[in-house]
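This report refers to the structure that appears directly beneath it.
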Amino acid sequence: MNSSLLTLSAGKYWGMRRMADAQGRFKMTAVDQRPPIKNPIKAKRGTPEAPWEDVAAFKEMLIEELQGESSAMLLDPHYAYPRGVTRLQASRGLIVTLEDSIFRETPGGRLSSEIDDWSVEKIKRIGGDAVKVLTWYRPDADPEVCRAQQDFTQRIGEACARYDLPFVFELLVYPLARDAEQTRDYVEMRSKHPELVLESVRTFADPKYGVDLFKLESPLAAADVPGVGAPGWESAQQWFDALGAAAGRPWVMLSAGAGMDEFRRVLTHAYRAGASGYLAGRAIWLKAFEHFPDWDAIRQGLRGEATDYMRSLNTLTDEAATPWHRHTVYGPAGAHIEPPTAQFRHVYQGFGG
């Protein structure tokens, strides 16, 4: 962890506030998933590709039904934004994804890229409050692959600084070709080693990557996380404490397809380690989605079990999560902009410096 303090630029400060609730805790819903939504739809439709209308309609429904419990929502530019942004209340933060869901699998590891015809600049211009990027990373992958993933991330971090948007950075450990769990699916690696998760976070905590908010997976397989207070919880907590120390700035948990009970247990550890909330999708809405193509049953599931679940997560978040602006990386005064004086307009740098 880099021990130096961080100062947020004015745009990043405002974007961080927009994503959080009034107390500074993140209750964010992910609606940007592509393969985890498209694949089940095309399987049930029996078509080579998932119809755009089906995918977009489901994402629109997610926005309509889940925004009430969300401080912000994460949308993609393929389906969720064009179909559903008019449904999103202006009081909710708008996070927009940048990475392509189609990655390149090589013998040495995965290579990420941006969505074609999409950029940080465009996210800024459509009114996005933050940019989200997922980088697949294995510190034990081929060194050239690691360098490429680092360069990819740094390039985006620099663009976020240029356009003064918070950089929400997601890391996922994945199986290499030599691993028994080799898959291209967006699922948690059951046999992942917590050391790989921690080393990855430490790498990208370097200030040169410009990460403002980490979106992190559990260092332990979700099914193996006992939950604070359960037998053996102290041993698991050590890994979460190490995760928070490695991040060195505000961080939230992702669900990675974990079940409802599993993700709640994960959050109890994360909040004890200083996490400021969650940015989750499938743990919230997957059960309702299983009713596809029965749209009425999906909506009923979202209004019922999914919303009730979010409320329980939000109660836990209110009770245990650390407000992002109080993170120690901002110093005793907490997150603020500089200078808080009449000199601000002279000092603040617009686009291009």
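What the table below lists for this structure:
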| quantity | calculated |
| --- | --- |
| Within the range 50-86, tally of residues that are in a loop (DSSP other than H, G, I, E, B) and farther than 19 Å from D116 by Cα | 4 |
| Residue count, the range 94-105 (criterion: assigned to a strand (DSSP E or B) and surrounded by fewer than 21 Cβ atoms within 10 Å (Cβ to Cβ)) | 2 |
| Pair list, Cβ under 8 Å, 6 or more apart: the range 298-316 residue without any contact (Cβ under 8 Å) to a residue 60 or more places away in the chain, other residue assigned to a helix (DSSP H, G or I) and open to solvent by 40 Å² or more (accessible area, probe 1.4 Å) | G301/K287; E305/K287; S312/R264; L316/R264 |
| Criterion violated by R110 - all others in (1) more than 22 Å from V211 (Cα to Cα); (2) outside any helix (DSSP H, G or I); (3) among the basic types (K, R) satisfied | (1) |
| Residue match in the range 119-140 (condition: in contact with a Cys (Cβ under 7 Å, 6 or more places away or on another chain), surrounded by 21 or more Cβ atoms within 10 Å (Cβ to Cβ) and assigned to a helix (DSSP H, G or I)) | yes |
| Some residue of the range 86-93 being within 30 Å of R147 (Cβ to Cβ), among the polar types (S, T, N, Q) and surrounded by fewer than 19 Cβ atoms within 10 Å (Cβ to Cβ) | no |
| Any hit, the range 1-17, residues being of a type in the set (S, T, Y), open to solvent by 10 Å² or more (accessible area, probe 1.4 Å) and in contact with an Asp or Glu (Cβ under 8 Å, 6 or more places away or on another chain) | yes |
| Identity of the residue in the range 291-327, assigned to a helix (DSSP H, G or I) and hydroxyl-bearing (S, T, Y), that ends up most open to solvent (accessible area, probe 1.4 Å) | T315 |
| Filter result for A43 (more than 30 Å from F351 (Cα to Cα) and either at pLDDT below 95 or part of a loop (DSSP other than H, G, I, E, B) (or both)) | no |
| Flag for R264 being open to solvent by 30 Å² or more (accessible area, probe 1.4 Å), in contact (Cβ under 8 Å) with a residue 40 or more places away in the chain and over 18 Å from the mean Cα position of the chain (by Cα) | no |
| Residue count, the range 141-170 (criterion: aliphatic (A, V, I, L, M), within 18 Å of the chain's Cα centre (by Cα) and open to solvent by 10 Å² or more (accessible area, probe 1.4 Å)) | 0 |
| Complete set of residues in the range 149-169 that are without any contact (Cβ under 8 Å) to a residue 40 or more places away in the chain and not in a helix (DSSP H, G or I) | none |
| Residues located in the range 106-117, provided they are open to solvent by 60 Å² or more (accessible area, probe 1.4 Å) and at pLDDT 95 or above | D116, D117 |
| Condition check for G232: open to solvent by 10 Å² or more (accessible area, probe 1.4 Å) and without any contact (Cβ under 8 Å) to a residue 24 or more places away in the chain | yes |
| Leading residue by the ranking (surrounded by the most Cβ atoms within 10 Å (Cβ to Cβ)) among those in the range 267-282 that are of a type in the set (G, A, S) and within 13 Å of the chain's Cα centre (by Cα) | G277 |
| Verdict on V133 being without any contact (Cβ under 8 Å) to a residue 60 or more places away in the chain, touching a Phe, Trp or Tyr at 6+ places or on another chain (Cβ under 7 Å) and within 19 Å of P35 (Cα to Cα) | yes |
| Filter result for M16 (touching a residue at least 12 places away in the same chain (Cβ under 8 Å) and touching a Pro at 6+ places or on another chain (Cβ under 9 Å)) | yes |
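The values are calculated or read from the model by the stated rules, or taken from the named source; none is laboratory data. As the structure is a computational prediction, the values presented were derived from the model and not from experiment. Glycine gets a Cβ as well: all are built from the backbone with ideal geometry, and neighbour counts include every protein chain shown. Only protein heavy atoms, including side chains, enter the accessible area calculation; ligands, DNA and RNA are left aside. Shrake-Rupley method; radii C 1.70, N 1.55, O 1.52, S 1.80 Å.
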